[in-house]
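Following: one structure in structure tokens, then a few remarks.
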Amino acid sequence: MYCQGLHGSLVSHANPDNRRENRMRWFDYLLRRLIMAVFVLISVSVITFFIARVIPSDPAAAWVGSHPTQELIAKARLQLGLDRPLWVQYLRFMGDLLRGNFGVSVRTHQPILNDTKAYLPATLELVVVAMIIAVIIGIPLGVLSGARKGSWLDHSTRLIAIAGVSLPIFFLGLLLQLTFFGKLGLLPLGSRISNDIALNHPIHVQTGFYLVDSLITGNWAAFRDASVHIILPAFALAIFDIGLTICMTRSSMVEVLNEKYILAARASGISERAVLFVLALKNAIIPTITVIGLSFVYSLTGAILVEVIFSWPGLGSYVTNAVLSIDFPVIVSVTLVVTVFYVIINLILDLVQAALDPRITLN
Amino acid sequence: MNDSILTVEDLHIHFQTYAGLVHAVNGMTFDVRRGEMFGLVGESGCGKSVTGMAILNMIPRGGKVLKGRILFEGQDVLIRREEQKQDIRGKRIAIIFQDPSASLNPVFTVGNQTVRVIRQHMPISTAKARQRALEMFDAVALPDPERIFHAYPHELSGGMQQRIMISMALACGAELLIADEPTTALDVTIQAQILALMSDLRQNQNISILLITHNLGVVAETCVRIGVAYAGMIVETGKTNDVLFHTQHPYTRGLLAALPGLSNRKGSLQSIPGSVPDGLTPLKGCPFYSRCPSAMSVCQQQIPPMVDIEDAGEEHRAAC
Amino acid sequence: MAELSNIPARLPEDLAAQRQVTSRAKEYSLMWQAFRRDPLALISLVIILFFIFAAILAPVITPYAAQGRGDPNILEKFKPPSMKHWLGTDYLGRDVLARILYGARVSLSMGFMVVIIAVLVGVPLGAVAGYFGGWLDNVIMRITDMFLAFPSLLLAMAIAAALGPSFTNAMIAIALTWWPWYTRLVRAQVLSLRERFFIDASRSIGVSDLTIIRRHVIPNIMTPVLVQATMDIGSAILTGATISFIGLGVQPPTAEWGGMISDGRIYFIERPWFAGSAGMAIFLIVLAFNLIGDALRDAADPRTRRIVT
């Protein structure tokens, strides 16, 4: 999975005259992918249902939480309809979900939907920043490493990349804290903003993304503070991504650079920089898009760990606290929400890949 | 030979591979005159493609020129500095390859690629470059250049792709075109068209063409002079008629005998016994020695020099 | 116009690589040869063997076996690394080295077991799906897609939470998220294998499908499966440690590397040695497996093998 090239494109012959037909096929493809996505979402809900109701030895007790009383359990049993046949339960489950009723968190006693809405932006902000870092650092390094295959730059980059994916994220987070907070005192230990800013320059929350909100309200002090707080956790998250991106871009580049059209371009005198960063990269990046999707997944799960270490108030912390307090409804709901996200992102990535590669005609 | 635009002199190239040292080119010597089409003929593995790439100073990795010179317009190409090398590539010497569909970048339109090459060598605006590209497409007899400009390579047929390659090669006014097996991947009818196109261009624009191929029939039709290569060296060269009909070297004779004739359907196909030397062990004598029906003991000891054949048409030479 | 050559055209350096190897035993010996030449791979192999032996011999190697198993020793808590305790002691005074050794048992067995289960479940499913095709293929692939739709850590967490935190449950949960990758891998391999003639040839002389699968299909797909499995052991160890870090796997006082990091987290800035050792241990093992997997993959592919046959 790590340093392998991906052959993503389905080569099929199109004709410039059929451009209009191609557009129609695009919609067709879009529709088909959407339907498939819906199917996937339904199956995800089925599996989640299984996990929520079927696997635990006493689903009602699990649902109620860490201090179940007989009364609560009985109430839950009724509420969940556990006496009814499975398929009825499933319909109930789905009905609740679609109405936004994910249940109530045993720990916070809030409807889980509200909790989720509160915590989600923090996680998203972290993941997005991490991915931006990963792309900015990873892709050029991958390109150069692939172009100078076998050189010391290549070997050391590859080693760093493999090390990057081997290091447990939570350990890396700790190391970063030790270095930048403990020894150097440069960056804060955790959380999104310092108490000082929260009290004196509070952020007027609109999107939930502190960086964005502070920017659009001109709150520079808060922006600086939020940026400083996001650096370490985003970096911890990004290291794995960087390793992955470098590996993928590199092997993709190596494959592309072996192609005849690169030789032909060089033979017609095109500058090496243009060959690498325009002609080769556009080809190499297509499978890398898939990888960015993969890395998004890892980021989602890695975010859980990073949030714990850096006390980042996002979904990851929410879920981990749920684990520690055996807050089962939260675990199930967050899994569902994140997976839905994941499916949607994959769909978008597929469509982007199809748009980028003119060879793919949407079979 | 003062009107030679290209002279390859005693070229030796070897490759460092994990299997050992491979001597790909062993004393290749020939020249291409101005405005003519010269055919470099030989089996696969005889070093002809490597020589082609060496002319552009783009020898594949692991390869090194041991000795020899390649003179283009009188100047040795092999000792030029990097910027000068790029100056030649695409601008004064151009090359087209065997498989045109692999030579075109699949994610850019052919127009985009052509314009990029043009603008690399000529300091003109994009609009002017586009115009020139369209002119070139027209010159290679592409139907509807406007439409083709916006097409992606996979949307075009093999013949059209090769025409595009030719137009890209000539767009900046190259004086020498190296065609490495340009028709091997194409249908026979398209082959004929492309060859005719190349002949026309040669005449109209006075370009010199080095045609590298294994196909004797192709050179017979189009080339004025040919050189027959075997195991990294030229074994026979001269005017096409002379070489094909007054053959001197046993290898060339073997090649011609191996061609199935349309007239005599009887008998089995003749092939040259043995196989091409693999280049790993350097040979002392004639490389054809082990397969030659008229071999003599002296052949094993020395490489036979190229001798002029008297009583033949001018410049017919063979190494035997 | 005849083709005149009897050697296919290749660049000189491919001459050696083009000779085909037919026997499987020879294939494995070639792989081993190529593998042997990579110094990183050899170092990694040594590291892994070292950890395995350390894990097996843990009770014998360390004088603090009881602490390794969990007994606290409060008087000695928070001691930095010294001659008496090579890696220091943790917040309960237990010798960290002993904890690491005992933790190796848990982590290594978790990693191996997860991969074994995933292979045992995923490979046959993939082979059947690829070989028989049709509705069976469809059903199996749909189920595979369903599992793959989840981010694997979350799915493992949810299942482990539903089953209750324990070593076995964590193992089952992780394995359940892992098998689909093998099904996909094997199915793709089988599909390309089906194109080859000898399958049809066997069927035409009446060999039963199951025998074909057993005798022809499975041996031919083992190499990529082996390579993937090797790389996965490292990832499985990492996932196991992560699950324990969150609190869903092995429960204290049993030593486990992820759990050790979780326990030592709050003390890390001042006293990094116990969480740090566990972290380094995880890093080393996962790195070793990744490097070996990478080298194996290069050795298995004749193009990258770079050996003269």
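The values are calculated or read from the model by the stated rules, or taken from the named source; none is laboratory data. Bear in mind that the values here come from a model prediction, so they are computed numbers and not experimental data. Positions of Cβ are backbone-derived with ideal geometry, glycine not excepted, and every protein chain shown enters the neighbour counts.
Just a few scattered comments:
- Residues of segment A:74-95 satisfying the condition of being among the hydrophobic types (A, V, I, L, M, F, W, C) and part of a helix (DSSP H, G or I): A:A74, A:A76, A:L78, A:L80, A:L86, A:W87, A:V88, A:L91, A:F93, A:M94
- C:R105 buried (at least 16 other Cβ atoms within 10 Å of the Cβ), basic (K, R) and more than 14 Å from every other protein chain (Cβ to nearest Cβ): yes
- Hey, C:M113 within 27 Å of C:M171 (Cα to Cα) and within 14 Å of chain A (Cβ to nearest Cβ) or not: no
- Residues of segment C:149-166 satisfying the condition of being more than 9 Å from every other protein chain (Cβ to nearest Cβ) and surrounded by fewer than 18 Cβ atoms within 10 Å (Cβ to Cβ): C:S166
- If you check A:R192, A:R158 for being crowded, with 16+ Cβ neighbours inside 10 Å, among the basic types (K, R) and under 25 Å from A:I139 (Cα atoms), only one passes: A:R158.
- Candidate set from segment A:1-49 (those that are modelled with pLDDT under 80 and facing chain C (nearest Cβ under 10 Å)); member that is nearest to C:P180 (Cα to Cα): A:M1
- For segment C:130-151, the set of residues classified as of a type in the set (V, I, T) and over 16 Å from C:A188 (Cβ atoms) consists of C:V139, C:I143, listed by residue number.
- Where A:R92 falls short, out of the listed (1) more than 14 Å from chain C (Cβ to nearest Cβ); (2) modelled with pLDDT of 80 or more; (3) surrounded by 13 or more Cβ atoms within 10 Å (Cβ to Cβ): (2)
- Identity of the residue in segment C:236-261, polar (S, T, N, Q) and surrounded by fewer than 24 Cβ atoms within 10 Å (Cβ to Cβ), that ends up nearest to the other protein chains (Cβ to nearest Cβ): C:Q251
- Residues that are among the charged types (D, E, K, R) and touching a helix residue (DSSP H, G or I) at 6+ places or on another chain (Cβ under 9 Å) were ranked within segment A:250-304; the one that is surrounded by the fewest Cβ atoms within 10 Å (Cβ to Cβ) is A:E272.
- Tabulated pairs, segment B:48-69, first more than 14 Å from chain A (Cβ to nearest Cβ), second part of a helix (DSSP H, G or I) and surrounded by fewer than 20 Cβ atoms within 10 Å (Cβ to Cβ), C-beta under 7 angstrom, 6+ apart or interchain: B:V65/B:L78; B:R69/B:L78
- Cβ-Cβ contacts under 7 Å between residues 6 or more apart (or on different chains), taken from a first residue in segment B:157-168 that is assigned by TED's automatic domain parsing to the domain that holds B:E146 to a second residue that is small (G, A, S) and assigned to a helix (DSSP H, G or I), are listed as B:G158/B:S101; B:Q161/B:S101; B:M165/B:S103; B:S167/B:A139.
- Candidate set: segment C:262-275, residues that are free of Cβ contacts under 8 Å to residues at least 12 places away in the same chain and part of a helix (DSSP H, G or I); chosen: the one farthest from the other protein chains (Cβ to nearest Cβ): C:I266
- Candidates A:L178, A:L174, A:L167, A:L184 - the one that is facing another protein chain (nearest Cβ under 9 Å), out of contact with any strand residue (DSSP E or B) (no Cβ under 6 Å at 6 or more places or on another chain) and free of Cβ contacts under 8 Å to residues at least 12 places away in the same chain: A:L178
- Where a residue in segment A:35-51 is on the phi < 0 side of the Ramachandran plot and surrounded by fewer than 15 Cβ atoms within 10 Å (Cβ to Cβ) and its partner, wherever it lies, is part of a helix (DSSP H, G or I) and not hydrophobic (A, V, I, L, M, F, W, C), with Cβ under 8 Å and at least six apart: A:V46/A:Y90
- Among (1) at pLDDT below 85; (2) more than 7 Å from every other protein chain (Cβ to nearest Cβ); (3) within 29 Å of A:H229 (Cα to Cα), the one test that A:P313 misses: (1)
- Restricting segment B:28-44 to residues that are farther than 24 Å from B:Q205 by Cα and surrounded by fewer than 21 Cβ atoms within 10 Å (Cβ to Cβ), the residue that is nearest to the other protein chains (Cβ to nearest Cβ): B:S44
- Failed condition for B:E73, given (1) under 30 Å from A:A354 (Cβ atoms); (2) acidic (D, E); (3) surrounded by fewer than 16 Cβ atoms within 10 Å (Cβ to Cβ): (1)
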